[in-house]
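Here's the structure we're looking at; comments come further down.
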Amino acid sequence: MIQIKDLHKSYHMGTNSLHVLKGINFDVKQGELVSIMGSSGSGKSTLLNILGMLDEADEGSYTLDNVPIKNLNEKIAANYRNKFLGFIFQSFNLINYKSALDNVALPLYYQGLPRKERVEKAMHYLDKVGLAPWSHHLPNELSGGQKQRVAIARALASDPKVLLADEPTGALDTKTSYEVMDLIQGINDEGKTILVVTHEHDIAQMTKRIVNLKDGVIIDDSVVEQVRASQYV
Ligand code: ADP
Ligand code: MG
């Protein structure tokens with residue numbers, strides 16, 4: 001599903017530059033649940049943003065579902081992004097003046113689906129994350145865990161090939177974090193390919209493979225015995 005080879009990325013600020021990714025190589029197969037672990041500042045979000053086509057690498061190659069991602073014009077890139085990728089963020093990134101339902105339905109609007117279908121699909125995914133009764137509530141009427149569930153429903157609504165989650169439990173308490181990981185594990189059980197960025201070891205243990213990032217390189221990439229979050233919820 002994902003192949004990256006010798007990826008490099010630097011940030012330039014005036015005369016300073018910061019070499020953040022120094023030759024990253026890895027592949028992710030269809031159906032994997034992988035965590036990218038590393039301390040704060042290790043380049044996890046930089047890597048995820050490149051995988052999410054929100055940013056481009058300086059060097060190296062990236063192939064997503066057999067499509068080489070390089071020098072695409074913004075329109076084609078946006079198309080691939082909408083078709084291939086779903087995003088989940090630490091801060092949920094919901095639109096505050098839209099209901100849970102409308103938040104989930106929004107990507108479907110950009111895909112050109114008629115209103116009736118958008119609403120049906122959005123309700124289906126809200127139901128899947130256990131939030132059907134909350135569909136008409138605004139984000140500020142929901143708990144953190146509920147907001148993240150809405151964001152997960154939104155990410156799923158366009159049936160992406162890959163879900164990219166950047167610290168999805170970073171703003172949640174421990175119990176709520178496990179509930180969200182339980183949901184993510186369930187979505188993976190159904191076959192979805194998911195990458196989770198986290199700096200928390202116990203969250204990484206809930207995936208099936210941990211890729212450890214340090215000083216811009218992968219220092220370890222191992223399959224692990226998945227801890228089921230359900231035992232904590
Ligand atoms: P992580 O997600 O692992 O905490 P990031 O990928 O966000 O790490 O950042 C890696 C390094 O790159 C950090 O030192 C950060 O300050 C720097 N950085 C991230 N984004 C930018 C940017 N847009 N411009 C300049 N420096 C950046
Ligand atoms: Mg980050």
### Query
Are there any pairs with C-beta distances below 6 angstrom linking a residue in the range 149-177 that is over 18 Å from Leu33 (Cβ atoms) and assigned to a strand (DSSP E or B) to a residue that is of a type in the set (Lys, Arg) and away from ligand 1 (no atom under 16 Å from the Cβ), with the two at least 6 apart or on different chains, and if so which?
none
### Query
Restricting to the range 116-148, what's the tally of residues that are aliphatic (A, V, I, L, M) and part of a helix (DSSP H, G or I)?
5
### Summary
Of (1) at pLDDT below 95; (2) touching a Ser or Thr at 6+ places or on another chain (Cβ under 8 Å), Ser158 fails just (2)
### Query
Just wondering, is there one or more residues in the range 12-27 that are within 12 Å of ligand 2 (Cβ to nearest atom), within 16 Å of Asn212 (Cβ to Cβ) and not in a loop (DSSP other than H, G, I, E, B)?
yes
### Query
If you take the residues in the range 36-79 that are under 14 Å from Val162 (Cβ atoms) and within 16 Å of ligand 2 (Cβ to nearest atom), which one is surrounded by the fewest Cβ atoms within 10 Å (Cβ to Cβ)?
Leu54
### Query
With (1) surrounded by 21 or more Cβ atoms within 10 Å (Cβ to Cβ); (2) under 18 Å from Val34 (Cβ atoms) as the list, and Leu131 as the residue in question, which single condition is left unmet?
(2)
### Any hit, the range 198-208, residues being touching a strand residue (DSSP E or B) at 6+ places or on another chain (Cβ under 7 Å), away from ligand 2 (no atom under 16 Å from the Cβ) and not in a helix (DSSP H, G or I)
yes
### Task
Tell me, yes or no, whether the range 48-61 has at least one residue that is away from ligand 1 (no atom under 16 Å from the Cβ) and in contact with a Pro (Cβ under 9 Å, 6 or more places away or on another chain).
yes
### Query
Which ones in the range 3-35 are surrounded by 14 or more Cβ atoms within 10 Å (Cβ to Cβ), within 9 Å of ligand 1 (Cβ to nearest atom) and of a type in the set (A, V, I, L, M, F, W, C)?
Val20, Leu21
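Here are Ile50, Ile76, Ile36, Ile95: which of them is in a helix (DSSP H, G or I) and in contact (Cβ under 8 Å) with a residue 40 or more places away in the chain?
Working: Ile76 fails: in contact (Cβ under 8 Å) with a residue 40 or more places away in the chain; Ile36 fails: in a helix (DSSP H, G or I); Ile95 fails: in a helix (DSSP H, G or I).
Exactly one of Ile50, Ile76, Ile36, Ile95 is in a helix (DSSP H, G or I) and in contact (Cβ under 8 Å) with a residue 40 or more places away in the chain, namely Ile50.
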### Query
Do we find that Leu113 is in contact with a helix residue (DSSP H, G or I) (Cβ under 9 Å, 6 or more places away or on another chain), within 16 Å of ligand 2 (Cβ to nearest atom) and either of a type in the set (A, V, I, L, M) or in a helix (DSSP H, G or I) (or both) in this structure?
no
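Inside the range 209-233, can you point out the residues that are closer than 24 Å to Gly144 by Cα, of a type outside the set (Phe, Trp, Tyr) and not in a loop (DSSP other than H, G, I, E, B)? First the steps, then the outcome.
Pass one, the range 209-233, residues closer than 24 Å to Gly144 by Cα: 227-233.
Remaining after also requiring of a type outside the set (Phe, Trp, Tyr): 227-231, 233.
The answer is Ala229, Ser230, Gln231.
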### Query
When the range 159-184 is examined, which residues are found to be surrounded by fewer than 21 Cβ atoms within 10 Å (Cβ to Cβ) and polar (S, T, N, Q)?
Thr174, Thr176
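If I filter the range 178-197 down to residues being within 12 Å of the chain's Cα centre (by Cα) and not in a helix (DSSP H, G or I), which single residue comes out as nearest to ligand 1 (Cβ to nearest atom)? Break it down stepwise before answering.
Residues of the range 178-197 within 12 Å of the chain's Cα centre (by Cα): 184, 192-197.
Filter once more, so that each one left must be not in a helix (DSSP H, G or I): 192-197.
Values: Lys192: 23, Thr193: 20, Ile194: 17, Leu195: 13, Val196: 12, Val197: 7 Å.
Ranking the candidates gives Val197 first.
Taking Gly41, is it more than 30 Å from Ala105 (Cα to Cα) and outside any strand (DSSP E or B)? Reasoning before the result, please.
Working: more than 30 Å from Ala105 (Cα to Cα): yes; outside any strand (DSSP E or B): yes.
Yes: the conditions hold for Gly41.
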#### Entry: Flag for Gln90 being within 16 Å of ligand 2 (Cβ to nearest atom), in contact (Cβ under 8 Å) with a residue 24 or more places away in the chain and polar (S, T, N, Q)
yes
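The values are calculated or read from the model by the stated rules, or taken from the named source; none is laboratory data. Bear in mind the structure is a predicted one, so any value in this text is a computation, not a measurement. Note: ideal-geometry Cβ built from the backbone for every residue, glycine included; neighbour counts use all protein chains shown.
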